[in-house]
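Here the structure comes first, spelled out in structure tokens, and everything after it is commentary.
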Amino acid sequence: MDNIIHDLKTERQNVSEGLPAGYKLVPVAFYIISIATVFLCLFFYLSKKAYESTETVMRERLTQAQSQQSGFVAQQNAISAESKKAEGIAKWLEGSRPLQPVTVAVGRSMGKDSTVAELSLDRNPEIPAHTFMQLKIDGGGSQQLEHTLSAINALDYQTYSAQQVKGRNSTDFQATLIYTDR
Amino acid sequence: MESKDIKDVLTFSAFRPEADNPKFAWPQRFPKKKSVLINISRGHVAWSILNKKGRVEDVGEADGEFVEVASQMSDYWLSNTEDGWVGISLNNRFIISLEHNLSRKKGWNEELKQNPKSVLGTKYDRTKRYALHHNPETSASLMMACDDSMLKSIEETMRGHNLRPARICVGLFAMTAHLMNRIASDNALKKQDLIVVTWLDQSLCVIRQKEGQWQDLRCRSGLQPGDEATVSQMLRPFIEAAQPGTRVLLMEDRKQGTFSQSHLSHFGNLNVTDVTEEQNLWNILGKN
């Protein structure tokens with residue numbers, strides 16, 4: 001059956017029959033891409049929001065950890081300072097050993113021909129382990145001095161910066177005594 | 001390329017035929033769009049608003065020539081159309097005749113518009129525009145001729161009101177062709193002795209068909225209301241030649257139309273079958 005309605009109007013030139021159906025892929029692809037773009041934008045937006053909230057939490061935790069760390073460091077510094085003070089006191093206590101045994105040992109080391117003319121023991125207040133000794137022995141000569149130094153060594157004292165001056169019948173000796181814990 | 005072209009592609013309207021492309025049926029030209037159909041008779045205009053589903057939503061009519069009615073109704077029609085496109089059914093100043101042995105070579109439809117003389121031969125008149133409907137089984141054809149000046153006048157009037165003709169056809173010829181096609185596709189009807197009557201708002205076409213042959217045809221457009229004598233004169237030869245088994249098939253533009261109410265008595269004892277459906281004219285124009 002042919003078309004029952006016959007158009008009688010004055011025909012317009014170049015009347016379009018429409019684009020080929022295959023070209024519908026163009027707008028379809030456009031809409032698919034548009035929808036995908038919207039979804040991707042939404043996905044990225046939500047991801048960014050999630051990242052920002054995570055970052056905020058991490059920053060808060062970092063700040064909290066840093067404040068904790070600074071607290072710990074302050075405590076550590078305080079302890080270190082206390083420790084140093086304690087060490088100083090301990091060293092001082094360790095250094096300030098009684099000097100009476102030294103004087104006793106020097107006195108007992110004297111032979112029958114020797115006497116102690118002068119004995120001076122000065123402790124360095126900054127370094128209490130260092131004791132500056134000045135000794136003048138009349139008679140006995142070098143032997144007596146060696147004997148006296150051996151007696152001092154027997155008390156675990158070492159002599160440093162020793163100087164010895166021999167007179168006609170006397171010997172002047174000075175040295176720094178340092179106690180050595182064996 | 002303009003932004004409108006891009007918009008047309010994205011809305012898929014670029015893939016549909018233009019509203020005034022005659023190669024496509026009305027629903028293909030206005031898919032999911034409202035449209036207006038107008039029937040222009042002598043001194044009377046009727047219209048129908050088709051909704052987006054192509055169904056009749058509203059109908060109206062007014063007495064007066066098209067020029068007068070258009071000046072009053074154009075805004076209403078425009079508000080119910082897409083870009084001012086309307087479908088026109090011309091129901092005045094045309095004649096349908098029965099012809100034989102007209103050219104049916106391929107592309108005759110286009111040829112009828114571009115070079116009607118090559119199809120119609122000596123029957124061609126340069127002041128007319130033509131439409132043809134061929135009998136698929138015989139050499140007979142229905143030929144409709146309407147005044148070229150009438151069509152131009154309608155187009156001019158429409159332009160004056162920003163309306164654009166998507167289609168101008170002759171509603172009675174479309175109804176007749178529709179009914180003849182229906183008969184041709186029905187084997188029982190095709191073999192019967194029939195008087196086929198089509199009536200559209202004071203225009204009448206009567207065809208006698210016997211054993212599939214179109215034997216006689218009479219047509220008048222733009223009859224005066226109440227012109228009983230002319231109708232009687234047109235029907236008389238068909239009724240006089242009718243056999244007792246002759247059947248009358250009647251199709252009007254609407255159910256219980258003017259013909260059913262005023263002229264059925266002319267057929268006497270003949271079996272009259274009214275095949276008119278609700279909103280018959282508008283449905284035929286809106287679906288084809």
For residue B:215, indicate whether it is of a type outside the set (Ser, Thr, Tyr), away from chain A (no Cβ under 14 Å) and in a strand (DSSP E or B).
-> yes
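Please go through segment B:174-193 and pick out each residue that is among the hydrophobic types (A, V, I, L, M, F, W, C) and more than 7 Å from chain A (Cβ to nearest Cβ).
Taking segment B:174-193 first, the residues among the hydrophobic types (A, V, I, L, M, F, W, C) are B:174-175, B:177, B:179-180, B:183-184, B:188-189.
Of everything in segment B:174-193, those that are among the hydrophobic types (A, V, I, L, M, F, W, C) and more than 7 Å from chain A (Cβ to nearest Cβ) turn out to be B:175, B:179, B:180, B:183, B:184, B:188, B:189.
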Restricted to segment B:259-282 and to residues being part of a helix (DSSP H, G or I) and out of contact with any strand residue (DSSP E or B) (no Cβ under 7 Å at 6 or more places or on another chain), the residue farthest from residue B:217 (Cα to Cα) is B:261
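One line per residue, one yes/no per condition, for (1) among the aromatic types (Phe, Trp, Tyr); (2) modelled with pLDDT under 95; (3) under 22 Å from the mean Cα position of the chain (by Cα):
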| site | (1), (2), (3) |
| --- | --- |
| B:24 | yes, yes, yes |
| B:30 | yes, yes, yes |
| B:57 | no, yes, yes |
| B:65 | no, yes, yes |
| B:79 | no, yes, no |
| B:82 | no, yes, no |
Reported set for segment B:32-50 where residues are surrounded by fewer than 16 Cβ atoms within 10 Å (Cβ to Cβ) and touching a Ser or Thr at 6+ places or on another chain (Cβ under 9 Å) is none
Is one or more of the residues making up segment B:150-160 β-branched (Val, Ile, Thr), in contact with a strand residue (DSSP E or B) (Cβ under 8 Å, 6 or more places away or on another chain) and within 30 Å of residue B:75 (Cα to Cα)? yes
Among the residues of segment B:259-274, the number that are closer than 24 Å to residue B:38 by Cβ, surrounded by fewer than 17 Cβ atoms within 10 Å (Cβ to Cβ) and touching a residue at least 12 places away in the same chain (Cβ under 8 Å) is 1
Restricting attention to segment B:156-167, does a residue exist that is touching a Ser or Thr at 6+ places or on another chain (Cβ under 6 Å), over 16 Å from residue B:288 (Cβ atoms), away from chain A (no Cβ under 14 Å) and in contact (Cβ under 8 Å) with a residue 60 or more places away in the chain? yes
Residue B:222 vs (1) in contact with a Pro (Cβ under 8 Å, 6 or more places away or on another chain); (2) outside any helix (DSSP H, G or I): all pass except (1)
Residue B:136 fails exactly one of (1) modelled with pLDDT under 90; (2) closer than 17 Å to residue B:164 by Cα, namely (2)
Just one listed residue, out of B:198, B:273, B:246, is within 14 Å of another protein chain (Cβ to nearest Cβ) and either in contact with a Lys or Arg (Cβ under 9 Å, 6 or more places away or on another chain) or under 30 Å from residue B:101 (Cβ atoms) (or both), and it is B:198
Within segment A:1-42, the residues that are more than 10 Å from chain B (Cβ to nearest Cβ) and either touching a helix residue (DSSP H, G or I) at 6+ places or on another chain (Cβ under 8 Å) or assigned to a loop (DSSP other than H, G, I, E, B) (or both) are A:13
Screening B:157, B:176 for residues that are within 16 Å of the chain's Cα centre (by Cα) and of a type in the set (Ser, Thr, Tyr) leaves only B:176
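A quick yes/no check of all residues on (1) within 14 Å of chain A (Cβ to nearest Cβ); (2) without any contact (Cβ under 8 Å) to a residue 40 or more places away in the chain:
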position: B:7; (1), (2): yes, yes
position: B:10; (1), (2): yes, yes
position: B:21; (1), (2): yes, yes
position: B:40; (1), (2): yes, no
position: B:65; (1), (2): no, yes
position: B:74; (1), (2): no, no
position: B:77; (1), (2): no, no
The condition of being assigned to a strand (DSSP E or B) and either closer than 23 Å to residue A:97 by Cβ or within 52 Å of the chain's Cα centre (by Cα) (or both) holds, among A:177, A:149, only for A:177
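The values are calculated or read from the model by the stated rules, or taken from the named source; none is laboratory data. Every value quoted in this text rests on a predicted model; they were computed, and no experiment measured them. Here Cβ is always computed from backbone atoms with ideal geometry, including for glycine, and neighbour counts include all displayed protein chains.
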